[in-house]
1. Out of all the residues in segment 56-89, which are of a type in the set (Gly, Ala, Ser) and over 22 Å from residue 31 (Cβ atoms)?
2. I need the full set of residues from segment 97-123 which are among the hydrophobic types (A, V, I, L, M, F, W, C) and modelled with pLDDT under 95, in order please.
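The values are calculated or read from the model by the stated rules, or taken from the named source; none is laboratory data. Just so you know, these numbers come straight off a predicted model, no measurement behind them. Neighbour counts run over all protein chains shown; Cβ positions are idealised from the backbone, glycine included.
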Amino acid sequence: MIKILSKILVAAFGVFIFAGCSGSNPAGNDIPDAPTNLSGEATGAYSIQLYWADNSENEDVFLLYRSVGGPYELTAELDANTDAYNDQINFSCVEVGYYIVASNGAGNSSNSNFINVPLLCGPENSDTLSLPFAR
């Protein structure tokens, strides 16, 4: 009876809830291994270059989360087998937090390490006043 019901649920909805099973889904995919060694550096007043180690062979996407003084929010969905990303920020002189997860149809990996990257200050935020040359 359970086998028949599970086939009906998978056929109708594409999902089946397993009781007592972990790490797999009906399609046979395992949850991807978590990315590690997330690091980043400011490459300008509005740009942060991020790098990480892709430890899984079965992710569909990487989900990058960012925080700027508040909760972490999904900021980018990146292709499988990606291990770098240049994030463009709309403001400077702030510290930006990041973490990343690998994801596929079975679910999300655990989170990578969390990092905070201070952005460089742009010219409009510097303490130096620039005046046009007058003759």
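1. Scanning segment 56-89 gives 67, 69, 70, 84.
2. 119, 120, 121
The rows are residues; the columns are (1) in contact with a Pro (Cβ under 7 Å, 6 or more places away or on another chain); (2) farther than 18 Å from residue 113 by Cβ; (3) modelled with pLDDT of 95 or more; (4) in a strand (DSSP E or B).
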| residue | (1), (2), (3), (4) |
| --- | --- |
| 34 | no, no, yes, no |
| 38 | no, no, yes, yes |
| 48 | no, no, yes, yes |
| 51 | no, no, yes, yes |
| 55 | yes, no, yes, no |
| 63 | no, no, yes, yes |
| 66 | no, no, yes, yes |
| 70 | no, yes, no, no |
| 77 | no, yes, yes, yes |
